[in-house]
1. Starting from 0.36 nm per residue, how many nanometres of slack lie between MET1 and ALA223 once their C-alpha separation is accounted for?
2. Run through the DSSP bridge list for the range 2-230 and note the antiparallel percent, rounded to the nearest 5.
3. Round to the nearest 10 and give me the degree value, 0 to 90, for the angle of helix 95-106's Cα axis relative to the longest principal axis of the chain.
4. How big is the gap, in Å, between the Cα center of the range 92-126 and the Cα center of the range 30-49?
5. Just flag the trypsin sites (Lys or Arg not before Pro) in the range 84-131 sitting in loop per DSSP whose Cβ has no more than 11 other Cβ atoms within 10 Å.
6. Determine the alpha carbon to alpha carbon distance for each of LYS50/LYS190; LYS50/LYS131; LYS37/LYS80; LYS37/LYS60; LYS80/LYS131 and list only those over 21 Å.
7. Most exposed first by the Cβ proxy, i.e. fewest other Cβ within 10 Å, how do ILE221, ILE135 rank?
8. Set Lys and Arg Cβ to +1 and Asp and Glu Cβ to -1, take the dipole of the range 2-230 about its Cα centre, and tell me which of THR97, LEU173, ILE155 lies farthest positive.
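Each reported figure results from applying straightforward, stated rules to the coordinates on display, with no laboratory input. Everything quoted here is computed from the prediction, not taken from an experiment. Cβ placement follows ideal geometry from the backbone for every residue including glycine, while neighbour counts extend to all protein chains displayed.
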Amino acid sequence: MKLAIMQPYFLPYIGYWQLLAMADAFVLYDDIQYTKKGWINRNRFLQNGKDALFTLPLKKDSEFRPVVERFLADDFDRDKLLNQLEGSYRKAPFFQTVLPVIASVIRAQHANLFEYIHHSIRVTADFLSIKTPLIISSSIAIDHSLRGESKVLAICKAMGATNYVNAIGGQELYSKSTFAASGVTLEFIKTRPISYQQFGTDFVTNLSIIDLMMFNSRESIRAMLGEYDLV
């Protein structure tokens, strides 16, 4: 079985969805520490020909709490965020098809950060016809005090994985020889260069999946999901 394990990211770039689509099972961390400077509750979209950030505001809390213990701010204005994205993409070719999907994600009433993002991943995966099972990490019977490589290997063992595939950035974190010693083949997914027509300006890369969905048909995106190499 080919397994992938990732943090919950809000409407991430295509590489995340390539990983989700190619795996036999996808474990979503809920018991991992929230990182303020990461991409858990923010991403980039196209605004006036340049990249801009959108962010899910959170209640003030300890930065050391896991994602599952963080909550959206009480004053999070879902319609304001939706209107921001709507204003930027109103003239995109697939706007009418994609806006209801994005609206169902952003207007979801989950207060818990993990539940909100989990819902967004399920809705987007369904739109993209990705059927890979999503498994929440805390539901797996392992020692959850483990960290890093040890935790990943414990999850692989519990899931019966023969292959573990990680994002290309994981090359700095994980050792192929360590995984091989545990009977697991470690691979990294590397997205091939992908570009498409935006608004006639220079192409802005690595934006949220929202951008890809606004400018490309589902059939085209499905083809792009296979544009990667395993290294």
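1. 77.6 nm
2. Antiparallel: roughly 45 percent of the beta bridges in the range 2-230.
3. So the inclination is approximately 50 degrees.
4. Between the Cα centre of the range 92-126 and that of the range 30-49, the gap is 15 Å.
5. ARG90, LYS91, ARG107, LYS131
6. Distance filter (> 21 Å) returns LYS50/LYS190; LYS50/LYS131; LYS37/LYS80; LYS80/LYS131.
7. ILE135, ILE221
8. Result: THR97, furthest along the dipole toward the positive end.
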